[in-house]
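Step one of this worksheet: look at the structure below.
What follows is calculated from the coordinates using simple rules that are stated; it is not laboratory data. No experiment lies behind these values; they were computed from the predicted model shown. All Cβ positions, even for glycine, are placed from backbone atoms using ideal geometry, and neighbour counts span all protein chains on display.
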Ligand code: NAP
Ligand code: HSE
């Protein structure tokens, strides 16, 4: 092959994803030639510890010196799969300034600096692709930027974290404990280096910030996203959900309402018949609704070595083709609106509320009156067994303002009627 058709790349990171990218680039070598007329040679692999043995990656390509990559004029593409904000942000910035194309899987970075980096890439006419940053192997970034750009999108809802979906699936279907399920998710390469970001909903929140920015052409950063994780869920919550024909999922939502953007992540009770209820294990799924396109759903593996590597390599092949055809620099996705963010208190939800209440006559009337006085309507009330000398009461509310619900809860917690608030989980609401 003509030497100018061999494009040299550097891989930043050789962990779960990086080792998959390196392996896949070898497996796809012939196919890349057929597809693009060129080939990709991973010339350098940046790691922290070059003495560590890396399966399938020759020691001579390893380096711990970024400058060796930056200053190598042969290297035209930088594939960043090391994660974190710094030094990844500096390296990507320097790569763009040096005219190198960039592919990244780094949602932490892109959630907060995606727009800044996209603008920089546009100014310098280079590619910045990041399909793997949201929902692993599922194509969602490019559809939002291109195929669905005429859809008039108004709502995105989905399961965008593989670790928590895996944990909730194991807890629901096998009665597995939370800690054991998290350990297995980590062994399988789904969890982040610090799994706090998975289980507290931060990882999903970052992905929702990226999706919302692209879908609504308005910059959303991680701090704009309301997040609640799965760490407060108990085996009882899982049990009660199934008793009521629901399953608990960690759901991300981003919708436009009254000209404001509502972006949030929290556990949600989903009815068993809803398509998201059957998204199990490390699978992710993203529903999008557009005024023009109506509903569309994307589903696939949201995490793990090869699924994520497939999305990274898909971007790398696009960039390879762009380099060969001198067509780099069109990224799309730059926000041109600034929609206000709706505070969580102004959004509406239904709630599943599990209380231990005094067995004295009039307790239920008392609770109903506090809820009613705060505009919280009740859809369903079920009195369960007696626990610790108090009755267990399960209430499912109508669709109510979060602020009204919180006001009602603050009053209820101060009454002698409510002995304990055992669980509060939002419930899926047909829009
Ligand atoms: P990982 O297993 O922890 O690997 C990180 C790699 O980056 C390691 O090889 C590490 O080197 C290297 N590295 C980290 N900091 C470095 C630094 N300052 N200088 C040089 N090398 C450094 O992480 P991962 O799971 O592969 O994830 C990588 C990225 O992909 C993250 O942004 C993550 O959020 C994203 N992502 C992951 C998945 C997934 O399923 N795992 C899915 C989608 C996106 P050493 O090996 O020497 O420590
Ligand atoms: N830790 C992430 C997850 C990796 O579990 O979804 C994929 O982004």
Quiz item: Over all Cα pairs of the stretch 1-74, how is the pair count split among 5 Å bins, expressed in % and running from 0 up to the last occupied bin?
Solution: 3, 15, 26, 22, 18, 11, 4, 0
Quiz item: Can you give me the relative contact order of the stretch 34-108 as a percent, contacts being Cα pairs under 8 Å and 6 or more apart?
Solution: 26 percent
Self-check item: Rounded to 10°, Cα long-axis angle of helix 402-413 versus longest principal axis of the chain
Solution: 50 degrees
Self-check item: Angle in degrees between helix 305-324 and the longest Cα principal axis of the chain, rounded to the nearest 10
Solution: 40 degrees
Quiz item: Can you give the convex hull volume per residue for the Cα atoms of the stretch 283-351, as a whole number of Å³?
Solution: 193 Å³
Exercise. Once you have a ≥ b ≥ c as the square roots of the Cα gyration tensor eigenvalues for the stretch 134-231, tell me rounded if a/c is under 1.5, and otherwise prolate or oblate according to whether a/b is larger than b/c.
Key: prolate
Practice problem: Along Cα→Cβ, 7 Å out, is where each label goes; now give me the distance between the ones at residue 2 and residue 196 in nm to one decimal. | Solution: 5.3 nm
Quiz prompt | Most mobile listed residue (319, 400, 102) in the chain, GNM with C-alpha springs under 10 Å | solution = 400
Exercise. Report the Stokes-Einstein translational diffusion coefficient (µm² s⁻¹, integer) for the stretch 1-134, Rh taken as the Kirkwood radius over Cα pairs, at 20 °C with viscosity 1.002 mPa s.
Key: 142 µm²/s
Practice problem: For the stretch 67-219, report the translational diffusion coefficient in µm²/s to the nearest whole number, using Stokes-Einstein at 20 °C, 1.002 mPa s, and a Kirkwood Rh over Cα pairs. | Solution: 127 µm²/s
Quiz item: Dividing the alpha-carbon radius of gyration of the chain by 2.2 N^0.38 Å (N being the number of residues), what value is obtained?
Solution: 1.09
Practice problem: May I ask for the equivalent-ellipsoid semi-axes of the stretch 352-418, computed as the square root of five times each C-alpha gyration tensor eigenvalue and listed largest first in whole Å? | Solution: 20, 13, 10
Quiz item: Taking only C-alpha pairs under 8 Å that are 6+ residues apart, what is the relative contact order of the stretch 137-221 in percent?
Solution: 32 percent
Quiz item: Hey, what angle do you get for helix 178-187 against the long axis of the chain, alpha-carbon based, 0 to 90 degrees rounded to 10?
Solution: 10 degrees
Quiz item: Gaussian network model of the chain, Cα springs within a sub-10 Å range: biggest mean-square fluctuation belongs to which of 18, 252, 125?
Solution: 125
Practice problem: For the stretch 177-321, divide the Cα radius of gyration by the Kirkwood radius and give the resulting Rg/Rh value with two decimals. | Solution: 0.98
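For the chain, what relative contact order do you get, as a whole percent, if you take Cα pairs closer than 8 Å and at least 6 residues apart?
After rounding, I find 17 percent.
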